[in-house]
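A quick write-up on the structure given underneath.
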Amino acid sequence: MPEPTPEGTAARPTARAAIAAVADQDSFLELPCPTEGLSEDGPDGPLAWHGYADSRARAEERTGERESVVCGAATIGGTRAVLVSFEFGFLGGSLGERTGDRLEAAHRHARDHRLPVVSLIATGGSRMQEGMRALVQLQRVARQSELTGAAGLARIAVLRDPTTGGGWATLGAGADLILALPGSQVGFAGSRVRPADTDPAAYTAEAQLAAGAIDDVVRPEELREALALRLRLLSAPTTPEPAEPPTALGRTELPTTGWEAVSRARAAERPRATAYLDAYFIERAPLRGDRCGGTDPGMLCGFGLHEGRTVAYAAQCGTATTPAGYRTAARLVRLAGRLGIPVLTLVDTPGAANGAEAERAGAGAAIAELFAAVATASVPVTSLVIGEGGSGGALALAAPGNLWATPDSYFSVIAPELATAILKRGHEETRSTAEHLRLRPQDLVELGVARGIVTGHHH
């Protein structure tokens, strides 16, 4: 790691300033350090890197820290959490062997006390002066983070400036929810090791949000409340009962014909997912991005508070769902399962996106992933069709055995127009085909596919 100059760190908050900015006043208690000083390798570390001991001594003097990370427990908005904060002024916030010791101790403390982990990251990556002994800390840190996640505890990362190298590729990108401060440099490749002709804008928090790699960019003055909300939602006591389906917001009378059901579901004035989420949840925090390059604005995912308990949601907005949308929903369902939070899905799509771009982005695999996540969910899933239920692209989001419908909805093996074409019928037979498909909400109940029709009142 190149050593930053004191001037270079002037604008960056220290590890303790980053903690003070989010923790409730006087609530932070530092964890005892597992080991101090260097290992048995001698003063200049495992590589006997000339001058390393002096660099460390200067870093200690300048920052007042003994290592590149400060770990402890605190409350954030009243919710207890383990806090891990990087000190960029200490050898560029680099990860060495002692950093690994501290991070492992922090995660063990989190599991022992059933606490979520919040990582406030600012790092240039692995510590050059410790060579491979530093690099293998990434395996160790990844294991500790995964053990915490497997224990049903939430991991939230806050990406400060910069978040690069192994710190981003383990604690950062491996977290359940990822927030970033505006303008932060975020990327696996740090600024000194990228191709000379590369676009620097790709290595920013904003670019990572657009690429589906993080959940939100949050201004520093809003960070404390953003963390408090997410910790409140992800640490709230849950019950194994399924989420109740929302009440219908649109019309209450049932459609008489199949084509009327289709027309009503497609009507521009019909209430959409956002209206349902606003009515159902007091507050909510979004989960965005599929973590492999894509986002779908037509699939809203996150966690919300409904009548005192947390419910996870994945909601289609009436558009053709892209592979990124299915992957994001699958990520939401798996995370909710690990945290023991029931899931609500709102079904509303004419079908999966079916262009060449969707096929190249792995549509089949993405839909299969969501079918699998819902089929094997360890928490109850409740589904409500609020508009169009277009074929397998809609069914992937639907809970088997706990599907409900609004009077404004339909669900069909395929859209009536496409069914007409497949059956080689004339265009004028679309309406009669819609009848044959038995796709009205009341048909779905009679066929045993839907449990019931929700009205404007609780059933």
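Of note:
- Condition met for Glu146 (more than 25 Å from Ala53 (Cα to Cα) and either in contact (Cβ under 8 Å) with a residue 60 or more places away in the chain or not assigned by TED's automatic domain parsing to the domain that holds Leu287 (or both)): yes
Residue by residue, here is whether (1) surrounded by 15 or more Cβ atoms within 10 Å (Cβ to Cβ); (2) at pLDDT below 80; (3) in contact with a Pro (Cβ under 7 Å, 6 or more places away or on another chain) holds:
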site: Met1; (1), (2), (3): yes, yes, no
site: Pro6; (1), (2), (3): no, yes, no
site: Arg12; (1), (2), (3): yes, no, no
site: Arg16; (1), (2), (3): yes, no, no
site: Ile19; (1), (2), (3): yes, no, no
site: Ser27; (1), (2), (3): yes, no, no
site: Leu31; (1), (2), (3): yes, no, no
site: Glu36; (1), (2), (3): no, yes, no
site: Glu40; (1), (2), (3): no, yes, no
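- Residue in segment 116-132 that is without any contact (Cβ under 8 Å) to a residue 40 or more places away in the chain, more than 17 Å from Gly174 (Cβ to Cβ) and aliphatic (A, V, I, L, M) present: yes
- Wholly within segment 373-459, helices (runs of 4 or more DSSP H) carrying at least 1 residues that are over 34 Å from the mean Cα position of the chain (by Cα): 416-422, 430-436, 441-446
- Residues in segment 149-166 that are small (Gly, Ala, Ser) and over 18 Å from the mean Cα position of the chain (by Cα) were compared, and the one that is surrounded by the most Cβ atoms within 10 Å (Cβ to Cβ) is Gly165.
- Filter result for the condition that a residue is crowded, with 23+ Cβ neighbours inside 10 Å and polar (S, T, N, Q), over Thr345, Thr274, Thr376: Thr345
- Of all residues in segment 391-413, those that are at pLDDT 95 or above and either touching a Cys at 6+ places or on another chain (Cβ under 6 Å) or hydrophobic (A, V, I, L, M, F, W, C) (or both) total 10.
- Filtered residues of segment 379-397 (kept if surrounded by 24 or more Cβ atoms within 10 Å (Cβ to Cβ) and closer than 11 Å to Val343 by Cα): Val381, Ser383, Leu397
- Scanning segment 114-156 for residues that are touching a Lys or Arg at 6+ places or on another chain (Cβ under 7 Å) and modelled with pLDDT under 95 yields no hits at all.
- Members of segment 180-231 found to be farther than 18 Å from Val22 by Cα and either assigned to a strand (DSSP E or B) or among the β-branched types (Val, Ile, Thr) (or both), listed by number: Gln185, Val186, Gly187, Val193, Thr198, Thr204, Ile214
- Criterion (among the small types (Gly, Ala, Ser) and either more than 23 Å from Val218 (Cα to Cα) or in contact (Cβ under 8 Å) with a residue 60 or more places away in the chain (or both)) met by exactly one of Ala106, Ala189: Ala106
- Every test in (1) touching a helix residue (DSSP H, G or I) at 6+ places or on another chain (Cβ under 7 Å); (2) β-branched (Val, Ile, Thr); (3) not in a strand (DSSP E or B) is passed by Thr310 save one, and that test is (3).
The values are calculated or read from the model by the stated rules, or taken from the named source; none is laboratory data. Keep in mind that what you see is a predicted model, and the values were worked out from it rather than measured. Methodologically, a virtual Cβ is constructed for each residue, glycine included, from the backbone with ideal geometry; neighbour enumeration extends over all protein chains shown.
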